[in-house]
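Heads up: the structure comes next, in structure tokens.
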Amino acid sequence: MSTMSPDAANASASVPAAAAAAAPPGRRRLGRIAAGMALLLLMALPLLPVPEFWITQANYIGMFSLVVLGLVLLTGVAGLTSFGQAAFVGLGAYATALLSSRYGMSPWLGLLAGLTVTLVVALVLGWITLRMSGHYLPLATIAWALSLNYTIANLEVLGKYDGILGVPALSFFGISLADGRSIYYLIWLCALLGAVAVRHLLDSRPGRAIRALGGATVMAEAMGVSTFRYKVVVFLLAALLASVSGWLFAHVQRTVNPSPFGLRMGIEYLFMAVVGGVSSVWGAFVGAGVFKIIEDQLKELLPRLLGSNGNFEIIVLGVVLVLMLKYAPKGLWPAARLLTARWGAAKTGADTGVGVGVGVGVGAGAAPLAEVPAPSLLPRRPRPAKGGPLLKVDRLRKQFGGLVAVNDVSFTLHAGDIMGLIGPNGAGKSTTFNLISGVLPATSGRIELAGTPITGWPSRRIARLGLSRTFQHVKMIPDMTVLENVALGAYLRGRSGTLKAMLRLDRAEERQLLAEAQRQLGRVGMQHHLHELAGNLAMGPQRLMEIARALCSDPTLLLLDEPAAGLRLKEKQALADVLRQLRREGLSILLVEHDMDFVMGLTDRIVVMEFGTRLMEGTPQEVQDSPAVRAAYLGTEH
Ligand SMILES: Nc1ncnc2c1ncn2[C@@H]1O[C@H](COP(=O)(O)OP(=O)(O)OP(=O)(O)O)[C@@H](O)[C@H]1O
């Protein structure tokens with residue numbers, strides 16, 4: 001099984017695109033047929049002799065799904081738990097209710113006003129709260145959900161607790177959408193468009209960055225992603241989806257009051273997301289549907305069974321949710337997909353391909369490493385002149401409290417060289433890497449990259465200058481395919497933003513980014529694992545995947561932290577060939593490695609560290625001949 005950092009292990013963006021890519025073609029075809037039939041049924045429903053009650057139910061499910069879709073992005077994918085989405089529904093509902101009923105304005109202007117107010121409020125709230133981590137963010141969402149709701153409930157202009165009555169029905173080019181059957185189509189158009197836009201977004205350059213928010217932010221920042229910016233983006237999108245739901249809600253109910261927009265409803269939206277599958281787009285519809293139908297049926301049934309009135313359905317739903325969290329924590333939609341995949345696999349004898357662990361080693365039937373890659377379709381940055389100083393580290397120091405992990409270390413890496421950083425465990429090598437790449441701030445000292453002082457820069461800014469890296473503990477998004485993980489490395493080589501991705505106008509660039517990822521995977525011998533889920537890879541291939549990801553950024557300086565760990569002898573030799581080839585192409589490499597044969601056979605110069613200090617620097621031969629180095633490794637005095 002794979003070894004990964006907690007960072008990576010927590011990242012769980014179970015996104016359809018990744019799963020679809022990993023699914024066998026037969027199952028994909030079946031999936032498409034099922035989706036087509038579901039869509040047909042959805043379109044035909046109001047035309048069938050279905051009782052009005054069920055049309056109303058379907059309308060509510062569509063409106064709830066819009067809010068839950070936002071939660072899929074925000075909570076399921078980006079890992080930001082919000083109890084406050086109902087408040088944004090309220091903003092959308094009140095904006096249109098106020099403008100259309102009190103001021104006689106068009107509800108379509110009401111939609112625009114609701115979206116604008118929501119955008120401004122969400123921007124302010126997001127800016128303040130999204131820097132919080134751990135339990136503070138959910139608590140903050142509870143706080144603003146309460147305060148927004150009480151603000152609405154206390155404003156005279158909004159009718160206080162009575163709300164606003166007489167909200168007009170929507171009409172579309174003269175067609176009235178006053179009855180349930182006619183507004184049905186608008187509600188479901190909004191919900192399906194929302195779902196398609198979210199799916200498109202997640203399957204794109206910004207989508208990969210968003211999918212890293214759930215637990216791989218350090219890695220994403222090192223690839224040049226501003227993770228805070230994307231947190232704000234998903235927060236705004238989730239709020240806007242909720243606002244559209246509120247707009248529809250106001251014109252379906254024809255009245256608004258504060259109670260459907262309170263904290264309780266905020267919690268229920270989260271319930272729906274969890275029930276359906278919090279990180280799955282279609283799970284949003286399943287969650288909203290199951291929750292709404294069961295809640296309403298229980299509301300009817302339980303008082304009759306128990307012979308008294310009360311909110312018994314909440315008790316039952318609470319118990320059901322606890323059981324679900326225990327037995328199907330990923331939600332109904334992923335559980336159903338896994339079951340059908342297993343059923344299909346049992347029939348055909350094939351692998352399920354839905355995240356069921358299959359340790360894939362690069363050695364297992366892999367093609368030889370160092371395949372000659374096709375030329376890149378993306379522009380490349382110029383290489384610095386060989387031999388000039390590329391990286392200058394001057395009296396670099398890092399203290400963790402009383403521990404001096406890196407003690408005034410200095411060295412210079414020249415362009416076109418491969419330099420090794422070696423030393424016994426705990427010598428400070430990885431910390432030095434983290435300081436150079438901006439993952440950790442230095443206590444003192446100076447770092448220059450290609451003549452630019454980069455001390456104190458965040459890692460995403462350093463990445464822009466052409467530095468890319470791998471990590472001692474592999475950092476990746478396990479639920480994303482190998483190809484997508486690697487394409488995240490090419491983030492800075494693309495430009496397509498969120499809107500372009502949602503509208504699917506990014507395809508030409510996306511093809512180039514994926515082609516580059518494929519090209520770099522081919523280079524490290526991983527061409528047979530493109531559509532594997534990264535979390536299913538064994539440790540060695542995971543490391544190769546990280547190298548391909550780093551190469552995707554077209555770096556001038558590559559920092560490799562223990563690249564050969566977990567590789568077999570032949571794979572190590574092949575990796576060394578790849579690194580030599582990269583050196584011939586003008587790339588400079590700094591590597592930390594414990595395998596001495598690998599280091600000695602590959603590097604031009606070596607810096608040896610011990611107890612945070614630089615013990616010596618020299619050629620591989622000089623280092624091997626040094627009694628001080630031998631003593632450091634053997635643990636004797638020198
Ligand atoms: N975030 C941290 N907080 C406190 N101490 C740390 C932190 N990171 C590293 N250290 C300590 O700094 C010292 C150097 O650690 P570092 O990981 O840089 O060593 P290394 O040479 O890379 O070791 P290894 O080869 O075992 O990976 C160790 O004593 C380690 O425990």
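The values are calculated or read from the model by the stated rules, or taken from the named source; none is laboratory data. None of the values given here were measured: they were computed from a predicted structure. Please note: Cβ atoms are built from the backbone with ideal geometry, for glycine as well, and neighbour counts cover all protein chains shown. Calculation scope for accessible area: heavy atoms of the full protein, side chains included, ligands and nucleic acids excluded. Shrake-Rupley method; radii C 1.70, N 1.55, O 1.52, S 1.80 Å.
Would you tally the residues in region 454-477 being within 16 Å of the ligand (Cβ to nearest atom) and of a type in the set (A, V, I, L, M, F, W, C)?
Restricting attention to region 454-477, the residues satisfying the condition of being within 16 Å of the ligand (Cβ to nearest atom) are 459, 469-475.
With of a type in the set (A, V, I, L, M, F, W, C) added as a condition, the list becomes 471, 474.
Number satisfying all stated conditions: 2.
Output yes when any residue across region 136-151 is touching a Lys or Arg at 6+ places or on another chain (Cβ under 8 Å) and under 26 Å from THR217 (Cβ atoms), and no when none is. Before the answer, list the steps.
Restricting attention to region 136-151, the residues satisfying the condition of being touching a Lys or Arg at 6+ places or on another chain (Cβ under 8 Å) are none.
There is no residue in region 136-151 that is touching a Lys or Arg at 6+ places or on another chain (Cβ under 8 Å) and under 26 Å from THR217 (Cβ atoms).
Given the criteria loosely packed, with under 14 Cβ neighbours inside 10 Å and assigned by TED's automatic domain parsing to the domain that holds ALA550, does THR613 qualify? First the steps, then the outcome.
Values: loosely packed, with under 14 Cβ neighbours inside 10 Å: no; assigned by TED's automatic domain parsing to the domain that holds ALA550: yes.
Taking the combined requirement at face value, the residue does not satisfy it.
Which strands (runs of 3 or more DSSP E) sit wholly inside region 391-452 and have at least 1 residues that are of a type in the set (Gly, Ala, Ser) and near the ligand (Cβ under 10 Å from one of its atoms)? Quick ask: steps written out before the conclusion?
Numbers: elements: 403-414, 418-422, 444-449.
Answer list for region 391-452: 403-414.
Could you list, in sequence order, all residues of region 116-131 that are in contact (Cβ under 8 Å) with a residue 40 or more places away in the chain and over 20 Å from ALA153 (Cα atoms)?
Across region 116-131, the qualifying residues are LEU119, LEU123, GLY126, TRP127, LEU130, ARG131.
When you go through (1) more than 30 Å from ARG543 (Cβ to Cβ); (2) small (Gly, Ala, Ser); (3) modelled with pLDDT of 85 or more one by one for GLY26, which number turns out not to apply?
With (1) more than 30 Å from ARG543 (Cβ to Cβ); (2) small (Gly, Ala, Ser); (3) modelled with pLDDT of 85 or more applied to GLY26, the lone miss is (3).
Of the residues that sit in region 185-217 and are among the β-branched types (Val, Ile, Thr) and open to solvent by 20 Å² or more (accessible area, probe 1.4 Å), which one is farthest from the chain's Cα centre (by Cα)? Before the answer, list the steps.
Restricting attention to region 185-217, the residues satisfying the condition of being among the β-branched types (Val, Ile, Thr) are 187, 196, 198, 210, 217.
Checking the rest, the ones that are also open to solvent by 20 Å² or more (accessible area, probe 1.4 Å) come to 196, 217.
Numbers: VAL196: 17, THR217: 9 Å.
That would be VAL196.
How many residues does region 123-181 contain that are in a strand (DSSP E or B) and either basic (Lys, Arg) or out of contact with any Ser or Thr (no Cβ under 8 Å at 6 or more places or on another chain) (or both)?
Filtering region 123-181 for residues in a strand (DSSP E or B) gives 164, 171-172, 175-176.
Now drop any that are not either basic (Lys, Arg) or out of contact with any Ser or Thr (no Cβ under 8 Å at 6 or more places or on another chain) (or both), which leaves 171-172.
Counting residues in region 123-181 that are in a strand (DSSP E or B) and either basic (Lys, Arg) or out of contact with any Ser or Thr (no Cβ under 8 Å at 6 or more places or on another chain) (or both) gives 2.
List the pairs whose first member sits in region 548-571 and is assigned by TED's automatic domain parsing to the domain that holds GLY494, whose second member is within 14 Å of the ligand (Cβ to nearest atom) and among the aromatic types (Phe, Trp, Tyr), and whose Cβ atoms are under 7 Å apart, counting only residues at least 6 apart or on separate chains?
Correct list of pairs: LEU559/PHE433; ASP561/PHE433; ASP561/PHE471.
Quick check on my filter: what residues within region 581-599 are open to solvent by 10 Å² or more (accessible area, probe 1.4 Å) and free of Cβ contacts under 8 Å to residues at least 40 places away in the same chain?
ARG584, ASP595, ASP597, PHE598
Out of the residues in region 182-213 meeting the condition of being assigned to a loop (DSSP other than H, G, I, E, B) and not hydrophobic (A, V, I, L, M, F, W, C), tell me which one is farthest from ARG495 (Cα to Cα). Full working, then the answer.
So in region 182-213, the residues assigned to a loop (DSSP other than H, G, I, E, B) come out as 203-204, 213.
Now drop any that are not not hydrophobic (A, V, I, L, M, F, W, C), which leaves 203-204.
Numbers: ASP203: 15, SER204: 11 Å.
Ranking the qualifying residues of region 182-213, first place goes to ASP203.
What pairs come out if I take residues in region 600-612 that are over 12 Å from VAL406 (Cβ atoms) and pair them with residues that are part of a loop (DSSP other than H, G, I, E, B) and more than 16 Å from the ligand (Cβ to nearest atom) whose C-beta lies under 6 Å away, six or more apart or interchain?
Correct list of pairs: ASP604/ASP417.
Here is a yes/no grid of residues against (1) crowded, with 19+ Cβ neighbours inside 10 Å; (2) not in a helix (DSSP H, G or I):
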{"residue": "MET219", "(1), (2)": "yes, no"}
{"residue": "HIS251", "(1), (2)": "yes, no"}
{"residue": "SER279", "(1), (2)": "yes, yes"}
{"residue": "ALA284", "(1), (2)": "yes, no"}
{"residue": "GLY289", "(1), (2)": "yes, no"}
{"residue": "ILE293", "(1), (2)": "no, no"}
{"residue": "LEU298", "(1), (2)": "yes, no"}
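Go through GLU509, GLU484, GLU532 for me and flag whichever is farther than 22 Å from ASP554 by Cα, of a type outside the set (Gly, Ala, Ser) and away from the ligand (no atom under 16 Å from the Cβ). Don't jump to the end; show me each part of the working.
Numbers: GLU509 fails: farther than 22 Å from ASP554 by Cα; GLU484 fails: farther than 22 Å from ASP554 by Cα.
Within the list GLU509, GLU484, GLU532, the selection yields GLU532.
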